[in-house]
Amino acid sequence: MIRPHDLLRSRPEGLFCPGGGFYIDPVRPVERALITHGHADHARAGHGSVLATRETLDIMRIRYGEGFAGAVQEAQLGETLNMNGVRVTFHPAGHVLGSAQISVETGGTRIVASGDYKRSRDPTCAPFEPIRCDVFITEATFALPVFTHPDAAGEVARLLRSLEQFPERTHIVGAYALGKAQRVIALLREADYDDTIYIHGALEKLCTYYEAAGVSLGPLQAATVEQSDAAPPAGAIIIAPPAAIDDRWSRRFSDPLASFASGWMRIRQRARQRGVELPLIISDHADWTELTATIRDTQAAEVWVTHGREEALVRWCEINGLAARPLHLAGYEDEAE
Amino acid sequence: MERFAELLDRLVLTPSRNGKLRLLTDYFASVPDPDRGFGLAGLTGGLDFPAIKPAMLRTLVEERVDPVLFAYSYDYVGDLAETVSLIWPGEAGRADAPALSEVVERLSRTSRSEAPTVMARLLDGLSPSGRFAAIKLATGGLRVGVSARLAKQALASFGDVEVQEIEELWHGLSPPFTALFAWLEDKGPKPENAAKAPFRPVMLSHAVAEADLPAIEPATYAAEWKWDGIRVQATAEDGVRRLYSRTGDDISGAFPDLMEAMDFEGTLDGELLVGDPRERTGTFSDLQQRLNRKTVSRAMLANYPVFIRCYDLLASGARDTRALPYTERRELLESFVRELPPDRFDLSPTVSFRSWQELDEKRCNPPHPVIEGVMLKKKDSPYLPGRPKGPWFKWKRDPFTVDAVLMYAQRGHGKRSSFYSDYTFGVWTGPAEDPTLVPVGKAYFGFTDEELRQIDKYVRDNTVERFGPVRSVRADRSHGLVIEVAFEGLARSSRHKSGIAMRFPRISRLRWDKPTHEADRLETLEAMLPTAMAAASGK
C-alpha cells in the first residue's frame, strides 16, 4: 500500500499528486489542475489544462473569459479517469452548482479531497455523496461546535416575516454571487414568494447561467436601472454581494434593511460588526454536526483538515480515535462564504 | 420562549427607535398573556433570579463538552452566554420547548442547590437562540438597547394612550401585567395604582423662542435658576420612600444617603445634585460619579453626597397639590422644605426680574457655574403632566463654542452607514511656533444632510490613513477643515489625552473659510473648566 503522503502532498502551489502529475485547486498557475468548484479561491485562471465538471468549467468561463486555461476537459460525476496510473473520480459535494469532491486512488490507497461541501438540502445543486476512503481531506470553515446551521427554510421564513413587519423597507440580502445568491432565491420561491426579486449587477450572469442549467429562479430584475419606474418598489427584496449591503450603493433604496445570508451570522457580534439588522444563518459549508458526521461516513482512518478552524476538528478526531493533522495550504480564504 | 428570543435577537440589531417600537408593539399584539407580560418584565429589568449565577453555567457546560473545544469556541465567540447557548448539546428547538412563563416560573421557584439542574433542563429544551435568551434572562442584563422609557412608549402606542398614563401606573403593577394589557386592549378597566408612593408624571417645559418673549407679560411669570443635575421626584408615603427619575424609573437603590433623609409625607419635584446645599454644589461630572450604580461605596457616599434642590410640591401629606396655582404651591413648598434636613434638601431660589432684558442679563451671568439657564413658570398654572405648551419655559444659557480642526472620521450607523458621520476634532497645543493637534471631543450631529455629504466627500478626498471604519484626515497648520463645535460644559478627564471631556458636543458651523492655524488652543478650553469639587467654593 502506498503511503498517503506519497499520493498527495501540499506544495506552495497547492495539493499535489506526484504520481498523477496534477494539482487539486492550485492557487498558482500550474501545468495540470483539477478544480473542485467555481469559487474564486479554488478556481483560478491561467493553468495549462483544467479538469472539472461541466458546470465548473462554464462558471470559470463566465468569470474569466474564454481563454481561462490552455485546455479543458470535462469530468463526469462518478466516472473514473486514469491519469498516469492514478485513478481519479469526481463525486458531488453539495456546495454549489457543479461542485465536486475528487477521489484519488492508487496502489490500494484512496484519498478523497472534499473541496468545500455541505450536507443540508440545496435546491440548486446535487447532494453530497459520502465516499469511503482511507484519508479524508475536509474543509474546516465552520469547524467549531458553536456552529450549527438551522434549517435554511426557517431562515427564509424569518426574512418573509420581517418583510411583513416592515413592508415599507427594502430588504437587501447580502449573498455570495456564486451559489448562495441563487440558493436564497430558490428557497424564496419554494416558500411561495412569487414577486420579482431584484438583483445586483454582479449577480446577473451567474443567475442567467443557473437558469440555463435548469435551476428555476422565477422573475428577476436588475436592481439598478436608468429608468426610475423600473426601480425596486419599497418593500422589495434585493440580493446583492455582501460588500454592497453596507456600501453607499444600498442607500439609494427606500429605507434599506441590511440582511446577510451566511453561516457567520450565527455569531451575534459578526452581525453587529457588519451593521446587519436581519442575520440569516444560511451556509453552503458544512456545520460542526455535518463535518463530524461526514468524517464518520467516509470511514476514513485518517483526516487532513484544511482552511478554517483546523485545530478544533483535529482535536475532535483525537478524542474519537482518528489520526488527524492540519493540512497547511496557503491561499484559501478561510473566512469566505 | 422562542418568540421572546427572536424579539431580543431583532431588538439588539435594530438601531432605529421606531423600528424597536414596532418590534415591541407587534410582540405585545401577537403574544398571549402571560408570556408577553413576562417579556415586558424581562426587558424592563423587573425579573430577578438570585439563585442563578454566571459561574454555574461554565461548570454546567464543562460537564457536557470537551473543555478544549469549549475553550476554542469561547475564544472565538467572545461571550460566555452566547458560547454556552451555541455549544450546548441537544436537539435545536424541540416541539415541547418551554414557554417564557414556564421558564420564569421554574427559575423563580428554584433554590440555589437545585439551580444547576433546573437551568440544565431548561437549556436542554430550547433552541440556541432560546438558550441565549434564557441565560441572559436568568443572569440579568439583556442589553438589547431597550430602556424602560422605550418599553413604556411601546405600551402607550400599543394601547393608544399617553405615555404619562403608563408612567403613572407603572410602579403599582407587577409581572405579568395582565390587567394592564387588558386595559390597553379595551378589555378591562384602567388599573388602579394601589401602591404606596407612586410616581406622578413630571411636568416638562418647552424651550423659549426669543421671538416669543415680547408677547409674554413678564409679571405673569416667575423665574428660577435651571440647575445642571438630574430632575427627580422624591416621594414618601406611610413609610414607603421612593426616588424616581423624570421618566418614572425607580432609582432609590443608588441613593441610600438621600433615602434615609426622606423623613416626610409628600412628593417633591427637584434637581438631584452633589454636595451640601449649605456650602457647595458640585458639577454634573461630580454627579456622574453617583449615577447608574448598583452599589455605592462608603467612600462614594462621603465624597459625593447628594441632595435635592426643590422646585415644586406635588403632594403634602395626603393632600394632592397639583391642581393649585404655581404661587400657592411655591408657598407650601417653602414651608415644607423648612422642616427637612438642610444637608439633603434646599429650596431652588427664585430670580426676581422686571423685564426680559433684565432676566436675559442674569441668565447670561449666572451666580454659580452649575446653573445652565433660567426656568419661567406661569404664576397661575397648575402642575400638569407631560410637556404642555405655555405654562413653563426653559431659557438656557447659550452654549460654549470653540473652533477645532477635524482629525478623524468614522462611518456612521443606520441611515448614515457608509457615510463618514462621526467626527473627532482637536485643538492646538504645545509651542506656538510648532504646535500639534490634540483631540478634545467627538461629535456626530448638528449638521444637515447636505453638509454631511460635503464632509463625507472632504474626508474621502483628504484621507491620510485608515484604521478599519476610521479614517484619519489631513490636518496640519496649512491644511484642514475647521469646525465650530458647540458644547454645554467641560470636565477634567484622565481618560482623554487632552485632560478634558466635553459635555454634549455638536457641530454648530463648518468653517470652510477659516485657516487651520487660527483654530483655538487647548489653553482656551482649560480656562473654561469649572473648579473641581474639592476646590469648590460656596454656591
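The values are calculated or read from the model by the stated rules, or taken from the named source; none is laboratory data. Not measured: the values here are computed from a predicted model. Cβ sites come from the backbone with ideal geometry, for glycine too, and all protein chains shown count toward neighbours. Surface accessibility is based on the protein's heavy atoms, side chains included, excluding ligands, DNA and RNA. Shrake-Rupley method; radii C 1.70, N 1.55, O 1.52, S 1.80 Å.
Listed residues B:Asp96, B:Asp124; which is more than 10 Å from every other protein chain (Cβ to nearest Cβ) and in a loop (DSSP other than H, G, I, E, B)?
Working: B:Asp124 fails: in a loop (DSSP other than H, G, I, E, B).
Just a single option satisfies the conditions, and that option is B:Asp96.
I'm trying to understand the selection: among the residues of the stretch A:1-46, which are over 16 Å from A:Val88 (Cα atoms), surrounded by 24 or more Cβ atoms within 10 Å (Cβ to Cβ) and without any contact (Cβ under 8 Å) to a residue 60 or more places away in the chain?
Once the filter is applied, which keeps residues that are over 16 Å from A:Val88 (Cα atoms), surrounded by 24 or more Cβ atoms within 10 Å (Cβ to Cβ) and without any contact (Cβ under 8 Å) to a residue 60 or more places away in the chain, the stretch A:1-46 yields A:Pro26, A:Ala43.
Taking the stretch A:309-331, which residues are open to solvent by less than 10 Å² (accessible area, probe 1.4 Å), within 30 Å of A:Ala181 (Cβ to Cβ) and outside any loop (DSSP other than H, G, I, E, B)?
Taking the stretch A:309-331 and keeping what is open to solvent by less than 10 Å² (accessible area, probe 1.4 Å), we get A:312-313, A:317, A:327.
Next cut, within 30 Å of A:Ala181 (Cβ to Cβ) only: A:312-313, A:327.
Scanning the stretch A:309-331 gives A:Ala312, A:Leu313.
Quick one: count up the residues across the stretch B:1-25 that are more than 20 Å from B:Gly248 (Cβ to Cβ) and open to solvent by less than 50 Å² (accessible area, probe 1.4 Å). Quick ask: steps written out before the conclusion?
So in the stretch B:1-25, the residues more than 20 Å from B:Gly248 (Cβ to Cβ) come out as B:1-16, B:18-19, B:22-23.
From the residues that got through so far, the ones that are open to solvent by less than 50 Å² (accessible area, probe 1.4 Å) too are B:1, B:4-14, B:19, B:23.
Qualifying residue count, the stretch B:1-25: 14.
Out of everything in the stretch B:61-70 that is assigned to a loop (DSSP other than H, G, I, E, B) and open to solvent by 60 Å² or more (accessible area, probe 1.4 Å), what residue ends up being nearest to the other protein chains (Cβ to nearest Cβ)?
Step one: filter the stretch B:61-70 for residues assigned to a loop (DSSP other than H, G, I, E, B), giving B:63-66.
Subset that is open to solvent by 60 Å² or more (accessible area, probe 1.4 Å): B:63-64.
Working: B:Glu63: 15, B:Arg64: 11 Å.
Across the stretch B:61-70, the extreme among qualifying residues is B:Arg64.
So if I check each of B:Arg58, B:Arg36, which one is in a helix (DSSP H, G or I) and over 19 Å from B:Arg3 (Cα atoms)?
On inspection, the qualifying residue turns out to be B:Arg58.
Out of everything in the stretch B:109-121 that is under 15 Å from B:Lys53 (Cβ atoms) and part of a helix (DSSP H, G or I), what residue ends up being most open to solvent (accessible area, probe 1.4 Å)?
Going residue by residue through the stretch B:109-121, those that are under 15 Å from B:Lys53 (Cβ atoms) are B:110-120.
So of that shortlist, the ones also part of a helix (DSSP H, G or I) come out as B:115-120.
Details: B:Ala115: 0, B:Pro116: 43, B:Thr117: 74, B:Val118: 27, B:Met119: 1, B:Ala120: 6 Å².
Among them, the one singled out is B:Thr117.
When you check B:Ser73 against the structure, is it within 14 Å of another protein chain (Cβ to nearest Cβ) and under 21 Å from A:Leu159 (Cβ atoms), yes or no?
no
Wholly within the stretch B:179-279, which strands (runs of 3 or more DSSP E) include no fewer than the required count, namely at least 1 residues that are open to solvent by 30 Å² or more (accessible area, probe 1.4 Å)? Break it down stepwise before answering.
Numbers: elements: B:221-227, B:230-237, B:240-245, B:266-276.
Output list reads B:221-227, B:230-237, B:240-245.
Give the stretch A:255-271 a look and list any residue that's among the small types (Gly, Ala, Ser), under 13 Å from A:Leu159 (Cβ atoms) and within 9 Å of chain B (Cβ to nearest Cβ), or say none.
A:Ala258
Residues that are touching a residue at least 60 places away in the same chain (Cβ under 8 Å), within 10 Å of another protein chain (Cβ to nearest Cβ) and open to solvent by less than 10 Å² (accessible area, probe 1.4 Å): does the stretch A:272-294 have at least one?
Yes: one or more hits.
So which of B:Tyr408, B:Tyr423 ends up being open to solvent by 70 Å² or more (accessible area, probe 1.4 Å), away from chain A (no Cβ under 14 Å), under 24 Å from B:Ser478 (Cβ atoms) and within 28 Å of the chain's Cα centre (by Cα)?
Values: B:Tyr423 fails: open to solvent by 70 Å² or more (accessible area, probe 1.4 Å).
Result: B:Tyr408 is the single residue among B:Tyr408, B:Tyr423 that is open to solvent by 70 Å² or more (accessible area, probe 1.4 Å), away from chain A (no Cβ under 14 Å), under 24 Å from B:Ser478 (Cβ atoms) and within 28 Å of the chain's Cα centre (by Cα).
Could you list all residues from the stretch B:421-458 that are among the aromatic types (Phe, Trp, Tyr) and more than 17 Å from B:Arg509 (Cα to Cα)?
Just the residues of the stretch B:421-458 that are among the aromatic types (Phe, Trp, Tyr), to begin with: B:423, B:425, B:428, B:444-445, B:447, B:458.
Scanning the stretch B:421-458 gives a single hit, B:Trp428.
Could you figure out which of (1) within 19 Å of B:Arg36 (Cα to Cα); (2) in a helix (DSSP H, G or I); (3) away from every other protein chain (no Cβ under 14 Å); (4) modelled with pLDDT of 90 or more isn't true of B:Lys136?
(3)
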